[in-house]
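Report on the following structure.
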Amino acid sequence: MTFSAMLRRLRAPLVAGAVAMLVAACAGAGGGPGGEWPGGGIVTGEPTAGTVATGEAAPAEEPGAADVAVAAVPAASAKARTRGWSDPTLPGVVEGGAVPGQVSGKLPGDLAAKPEVPNHTVVRVWYATDRNKESSDGVLPVAYGTRRGRLAYGHTDVAIPAGHRVGALEAPSIWRLEWRENPDRHVVLLEVVEEARSRFLADVKATIARSPRRSALVFVHGYNVSFADAARRTAQMSYDLGFDGAPVFYSWPSQASLSGYAIDENNVNWTASDLKLFLKEFASQSGAENIFVIAHSLGSRALAEAIGQIASEAPRTRARFKEIILAAPDIDAEIFTRDIVPRIATPEQSVTLYMSSNDKALVASRKFHGYVRAGDATKGILVANGIDTIDSTDAEADFTGHFYYAESPSILADLRGLILDRKRPGDRAGLAFMESPIGRYWRLVPQTVRSAAAGSSLSAVPAVGDLVTGTFSRAR
């Protein structure tokens, strides 16, 4: 019997049993707020709920900066009810601090007898995209597809549940009998609002002006990512980092499918000129004094090309981008060191590179292209002038090993030190300095390892593999 057949056979009694248990539980509790509902969410990493991963221990209740005031974001109660969000029996209140771009979420409703008590935080995230605009799905007023379009701008609102774990992108699971998104349990895209370019820039500028450091975080996603998932990921990272500026994402027309790699690879080259235009306008008109850009996987190609062009055309604009972070870049390693690094890295403006030898996606890309990728450490560690290389092989990650940049509490702690504290690798907790004949790099020491080795020097933790012996070594 096939797995799918077994699942079909088991589904009916499982659902019937679950319904019976829920009915009994509600009857016993009177069906009111005291009734217990199953919680959950996809959990990765070790931290307890509400903790923010940092190089040192953080208070358990700290998902962000608790002393920053926030404003309410309206949400349509009718829309909430159609998606199963308006459930008055869900317990709890919003907990933890919030940062600019985050608002304590309450979906206003007309349930006078049993008013809803929200159990999530709403994070406002701005966007620019050159995806095509599609017809609304009836739930969100604006939808973007997988084909090429003109640059469009706007903002999204994303719910982060109170029980969120650092690094997790909680979503419904059939194994927990969850059939619909619920913002009190899952990271949910609540709203998409398209805006005129002038309004977009004005709104972002106002948010940045309220930021203590006048900062913005721009995320460029990789292959196999939808617009909605890019919004959810940006909100999750901003929330987990406790970022106190304006979170923004740039979404290019990825096919959002495993089989769409060839089209994605073509589209990421096509989008580079639009990304350059957006970044130049953003840098000159947003009022941001500190712009941090993170690009993942295939998105690193577009960012590298865009920043390279900006550096040659407008060096002063390039200087506004304080940190360029390439996470698991799907770029030919030799092209990266020979052609890209000299264009984007300077002694004053270094680039951070996260790579891993456990990244199965980049191993597949190496086999597909015939050449090692810049984020793949299976053949050695890439070391180049102007590049702060972080060997992230030991980072917590899913089975693909490709999304550690946003899922690993240890990587998020390192990003927090880099972005919020503006510390170089040698000053960040959790990185072991590694010397080589041609240069230096750093190796991530996960939080669990650091806890086990408390009292020992980080440099005393043994390195994995030999020292690098070339610009791109084959030491491993």
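Descriptive notes on the structure:
- Complete set of residues in region 302-348 that are of a type in the set (Gly, Ala, Ser) and open to solvent by 30 Å² or more (accessible area, probe 1.4 Å): Ser312, Ala319
- Residue list for region 180-229, filter: of a type in the set (A, V, I, L, M), under 26 Å from Ile419 (Cα atoms) and touching a residue at least 40 places away in the same chain (Cβ under 8 Å): Val187, Val188, Leu189, Leu201, Val204, Ile208, Ala209, Ala216, Leu217, Val218, Val220
- Enumeration of residues in region 244-271 that are assigned to a helix (DSSP H, G or I) and surrounded by fewer than 19 Cβ atoms within 10 Å (Cβ to Cβ): Leu258, Ser259, Gly260, Ala262, Ile263, Glu265, Asn266, Asn269, Trp270
- Residue under evaluation Ala288, criteria (1) open to solvent by 10 Å² or more (accessible area, probe 1.4 Å); (2) in contact with a strand residue (DSSP E or B) (Cβ under 8 Å, 6 or more places away or on another chain), criterion not met: (1)
- Evaluation of Ala306 against the conditions (1) in contact (Cβ under 8 Å) with a residue 40 or more places away in the chain; (2) touching a helix residue (DSSP H, G or I) at 6+ places or on another chain (Cβ under 9 Å) shows that the sole unmet condition is (1).
- Which numbered condition Val363 fails, given (1) in contact (Cβ under 8 Å) with a residue 24 or more places away in the chain; (2) touching an Asp or Glu at 6+ places or on another chain (Cβ under 8 Å): (1)
- Filtering region 190-200 to residues that are of a type outside the set (Lys, Arg) and open to solvent by 20 Å² or more (accessible area, probe 1.4 Å) leaves Glu191, Val193, Glu194, Glu195, Ala196, Ser198.
- Within region 135-173, the set of residues being touching a residue at least 12 places away in the same chain (Cβ under 8 Å) and of a type in the set (S, T, N, Q) comprises Thr146, Thr156, Ser173.
Residues checked against (1) in contact with a Pro (Cβ under 7 Å, 6 or more places away or on another chain); (2) under 22 Å from Glu265 (Cα atoms); (3) among the aliphatic types (A, V, I, L, M):
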position	(1), (2), (3)
Ile324	no, yes, yes
Ala327	no, yes, yes
Arg338	no, yes, no
Thr346	no, no, no
Gln349	no, no, no
Lys360	no, yes, no
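So that you can scan it fast, the table gives a plain yes or no per residue for (1) modelled with pLDDT of 95 or more; (2) more than 21 Å from Gly439 (Cα to Cα); (3) open to solvent by 10 Å² or more (accessible area, probe 1.4 Å); (4) not small (Gly, Ala, Ser):
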{"position": "Ser350", "(1), (2), (3), (4)": "no, no, yes, no"}
{"position": "Leu362", "(1), (2), (3), (4)": "yes, yes, no, yes"}
{"position": "His369", "(1), (2), (3), (4)": "yes, yes, yes, yes"}
{"position": "Asp376", "(1), (2), (3), (4)": "yes, no, no, yes"}
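- For region 154-189, a tally of residues being among the acidic types (Asp, Glu) and either under 16 Å from Arg233 (Cβ atoms) or not in a loop (DSSP other than H, G, I, E, B) (or both) returns 3.
- Checklist (1) open to solvent by 10 Å² or more (accessible area, probe 1.4 Å); (2) within 26 Å of Gly138 (Cα to Cα); (3) within 15 Å of the chain's Cα centre (by Cα); (4) not acidic (Asp, Glu) applied to Val187, failing item: (1)
- Cross-chain or 6+ apart pairs with Cβ under 6 Å, region 402-424 first and under 13 Å from Ser392 (Cα atoms), then part of a loop (DSSP other than H, G, I, E, B) and hydroxyl-bearing (Ser, Thr, Tyr): Tyr404/Ser392; Glu407/Thr44; Ala413/Thr54
- Members of region 435-444 that are of a type outside the set (Gly, Ala, Ser) and either without any contact (Cβ under 8 Å) to a residue 24 or more places away in the chain or surrounded by fewer than 20 Cβ atoms within 10 Å (Cβ to Cβ) (or both): Glu435, Pro437, Ile438, Arg440
- Here region 140-177 is the region considered, the condition is being charged (D, E, K, R) and at pLDDT 95 or above, and the residue that is most open to solvent (accessible area, probe 1.4 Å) is Arg150.
- Condition met for Ile390 (in contact (Cβ under 8 Å) with a residue 12 or more places away in the chain, of a type in the set (Val, Ile, Thr) and either open to solvent by 30 Å² or more (accessible area, probe 1.4 Å) or in contact with a Phe, Trp or Tyr (Cβ under 7 Å, 6 or more places away or on another chain) (or both)): yes
The values are calculated or read from the model by the stated rules, or taken from the named source; none is laboratory data. Not measured: the values here are computed from a predicted model. Backbone-built Cβ (ideal geometry, glycine too); neighbour counts: all protein chains shown. Each accessible area value is taken on the protein alone, full model and side chains, heavy atoms only, with ligands, DNA and RNA left out. Shrake-Rupley method; radii C 1.70, N 1.55, O 1.52, S 1.80 Å.
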